[in-house]
Amino acid sequence: MRPSLLPFVALSATVSAQLLVPLLRNPSTPHPFGRDQAPLMDPAGPGPAMPPSGSSPAEPPASAGGGVVLSDVMGRDRSINLFAGFVRDIESAARRLEDPSHNTTVLAPLNSAVEKLPRKPWEDPREYGALGPNAYEGGDGHERAQRNLRRFVEAHLVPASPWQEGQKIKTVGGDRDIWWEEKDGTRLIQPGSIEIVSVAGNVENGQVWIIKNVRNYSE
Ligand SMILES: *[C@@H]1O[C@H](CO)[C@@H](O)[C@H](O)[C@H]1NC(C)=O
């Protein structure tokens, strides 16, 4: 990392990411776990027998039941496959989405929301400040990255489904209460007024909601 970027990176911890996005767009850092970022690297188009992705909140594409669980449907909608890959990297989260006895509402940010973050979800500017540009290299670095990515993923898993309008709840990551509300026909996650774009899956142990921005996971 160039030293001249550090003030910006540190600043981004305290200022809304959205303000800084145009300044800091930096999608080139490699994934520390070597996983392909499929939408960028796989030009092959949709796989065989994939149903069309869901787009209407009123008509979830998969019906509840039938032994299908969240982990089966997370990969179906390509517009969220960066987040689906992060979930697979975090074993506890992946297990939760396989578990038919624990319901979850997955708040899956669009790939475009992940790509426009000022830093990767596993990067923490405080760690760059304390440890320098190699903060995520080596065994310890890998552990730090995993811990940060887990915090990011768990801030997007709500341990309830159905999740009623106005129902305040803590995410699996256990940060502040969140809830959702409908305003002028748009459903918003609060706090943060993050728009719910569509429901991409409705299965035995929960639902996948596609959201327009990532939640603030950095406290
Ligand atoms: C879990 O989700 C299923 C499918 O939507 C629902 O029928 C069931 O009541 C939910 N269980 C709990 C404990 O909310």
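The values are calculated or read from the model by the stated rules, or taken from the named source; none is laboratory data. Predicted model only: the values in this text are computed from it and were never measured. When we count neighbours, we look across all protein chains shown, and the Cβ atoms used for this are built from the backbone with ideal geometry, even at glycine. SASA here: full protein model, heavy atoms, side chains in, ligands and nucleic acids out. Shrake-Rupley method; radii C 1.70, N 1.55, O 1.52, S 1.80 Å.
Accessible area per residue (1.4 Å probe, heavy atoms of protein chains only) ranks Lys168, Lys212, Lys116 as Lys168, Lys212, Lys116, with the largest value leading. A simple spin-label model places pseudo-atoms 7 Å from Cα toward Cβ; at Glu143 and Ser101 they are separated by 3.1 nm.
Potential lengthening of the chain between Glu195 and Trp179 amounts to 4.5 nm, from the contour at 0.36 nm per residue minus the alpha-carbon distance.
Taking 0.36 nm per residue of separation and subtracting the Cα-Cα distance, full extension of the segment from Ala130 to Lys170 would add 11.4 nm. The alpha-carbon of Lys168 sits under 25 angstrom from the alpha-carbons of these lysines, leaving out residues fewer than 8 places away in its chain: Lys183, Lys212.
Where the accessible area of the range 104-219 is counted over protein heavy atoms with a 1.4 Å probe, how much of it, in %, is carbon and sulfur?
On the way: 2150 of 4790 Å².
Carbon-and-sulfur percentage of accessible area, whole number: 45.
Under 5 Å between amide hydrogens, built in the peptide plane, is the criterion, and for Gln167 it picks out Trp180 among residues at least 5 positions away or on other chains.
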